[in-house]
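A quick write-up on the structure given underneath.
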Amino acid sequence: MARLAGVSPQTVSRYLRFNGGLKPATLERVEKAIRELDYRPNLVARSMRTRKTGRLAILMPAMAFNPSRMLAGASATAQSAGYFVDAVSAGGGVGARSERLLELADSGQYEGILSLAPVLPTVQSRLHQRTTVVISADFDDEMRGIGELADGTPVVRMIERLAALGHSRFLHVAGDAQFASARARRQSYLDTVERLGLESVGIFDGDWSGDSGIEAIRSLPSRSRPTAVIAANDLVAAGVVRGARERGWEVPGDVSVTGWDNVGVGQFMTPSLTTVDVDLERLGSKAMAKLIAGLLDTAPAAKEETLFRIIWRESTAEPPVEGRPGSEQ
């Protein structure tokens with residue numbers, strides 16, 4: 001490469017180490033030679049010389065769903081800072097994941113490791129100093145959302161908005177109680193209904209499925225129609241809409257319905273679904289930014305950005321006027 005560019009090997013080395021200080025004409029010759037040779041830096045050789053690999057690892061449990069949006073956010077942040085990223089899945093629970101993290105750290109292949117799930121407290125004391133590790137425990141062993149992902153505040157905001165529109169009777173179709181997020185949404189529902197002096201016609205213990213939404217509506221006693229249903233996610237909400245129509249209830253004319261997750265099909269439903277959008281890309285980016293800040297020994301940029309955004313669509317409206325003609329099944 002040096003011969004093709006007409007410069008010394010030391011000049012090429014300076015360029016590859018990003019030391020700068022080269023004249024524009026020299027830079028142009030080196031870059032032209034790199035393009036002609038289709039040169040790719042030898043990361044192994046460079047790591048032996050600098051003890052920096054330019055690689056980061058993202059460790060997660062064996063995946064029960066595809067966390068592509070979080071990985072996309074984390075990877076984009078890493079790449080913009082000049083790092084390569086490997087995603088590593090580790091099954092077997094917290095103990096096995098902890099050992100896998102230590103193996104990655106000891107391999108010398110990674111400058112930093114981001115774990116998206118908890119590890120044993122003893123891990124930190126067993127790490128060598130060359131590898132920076134950040135534990136951003138957003139999921140448990142079954143990839144169930146915990147931590148910030150389990151915040152039930154959007155349920156509070158939805159009920160407050162619906163109450164302001166005049167709704168007074170609510171139903172909550174909950175998710176699987178094994179999930180911290182389902183438990184948090186359930187508790188937020190109960191606390192808010194009580195605080196605002198509203199009526200709850202019940203909580204249906206569901207399982208995140210559309211069938212549970214249908215069954216929740218079918219099981220309601222006659223003349224116990226809520227004016228608003230807070231569904232655990234968008235699939236449950238779709239089931240609620242189906243169940244309401246089976247009973248002759250219009251959505252949102254007779255009952256308003258909200259979901260959670262902002263799945264793509266929700267905006268194309270009839271009516272389009274009010275939901276909670278979760279910025280998983282930002283969550284991944286935020287965790288990766290913390291890792292990179294640790295590598296560079298700087299403070300991560302403080303950004304007060306909300307993880308959740310309520311998208312109000314056609315499935316919510318003012319409640320029906322009491323006593324209006326309509327089917328009560």
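The values are calculated or read from the model by the stated rules, or taken from the named source; none is laboratory data. In this text the structure is predicted, and so the values were computed from the model without any measurement. For neighbour counting, all protein chains shown are included, and Cβ atoms are generated from backbone atoms with ideal geometry for every residue, glycine included. Quick note on the areas: whole protein, heavy atoms, side chains included, nothing else; ligands and nucleic acids left out. Shrake-Rupley method; radii C 1.70, N 1.55, O 1.52, S 1.80 Å.
Worth pointing out:
- For beta carbons closer than 6 Å, sequence separation of 6+ or different chains, a first residue in region 179-191 that is assigned to a loop (DSSP other than H, G, I, E, B) and a second that is open to solvent by 20 Å² or more (accessible area, probe 1.4 Å), the qualifying pairs are PHE179/ARG144.
- If you go through region 99-116 and keep only what is over 19 Å from GLY294 (Cβ atoms) and without any contact (Cβ under 8 Å) to a residue 40 or more places away in the chain, you end up with GLU99, GLU103.
- Considering only residues in region 42-73 that are open to solvent by 40 Å² or more (accessible area, probe 1.4 Å) and in a loop (DSSP other than H, G, I, E, B), the one that is modelled with the lowest pLDDT turns out to be ALA64.
- Selection status of LEU190, surrounded by fewer than 17 Cβ atoms within 10 Å (Cβ to Cβ), hydrophobic (A, V, I, L, M, F, W, C), modelled with pLDDT of 95 or more and within 24 Å of GLY266 (Cα to Cα): no
- Taken over region 74-84, the criterion of being open to solvent by 40 Å² or more (accessible area, probe 1.4 Å) and not small (Gly, Ala, Ser) is satisfied by GLN79, PHE84.
- The C-beta contact set for region 279-299 (first residue open to solvent by less than 40 Å² (accessible area, probe 1.4 Å), second residue of a type in the set (Lys, Arg), distance under 6 angstrom, 6+ apart or interchain) comprises LEU280/ARG69.
- Condition met for ALA216 (without any contact (Cβ under 8 Å) to a residue 40 or more places away in the chain, of a type outside the set (S, T, N, Q), more than 29 Å from THR306 (Cα to Cα) and open to solvent by less than 10 Å² (accessible area, probe 1.4 Å)): no
- The residue that is farthest from GLY197 (Cα to Cα), among those in region 162-178 that are out of contact with any Asp or Glu (no Cβ under 9 Å at 6 or more places or on another chain) and crowded, with 16+ Cβ neighbours inside 10 Å, is HIS172.
- Flag if SER89 is at pLDDT 90 or above, touching a strand residue (DSSP E or B) at 6+ places or on another chain (Cβ under 7 Å) and either in a helix (DSSP H, G or I) or under 20 Å from MET288 (Cα atoms) (or both): no
- Taking residues in region 154-170 that are closer than 24 Å to VAL278 by Cα and modelled with pLDDT of 95 or more, and partners anywhere that are of a type in the set (Asp, Glu) and not in a loop (DSSP other than H, G, I, E, B), the pairs with Cβ atoms closer than 9 Å and at least 6 places apart or on different chains are VAL156/ASP191; PHE170/GLU199.
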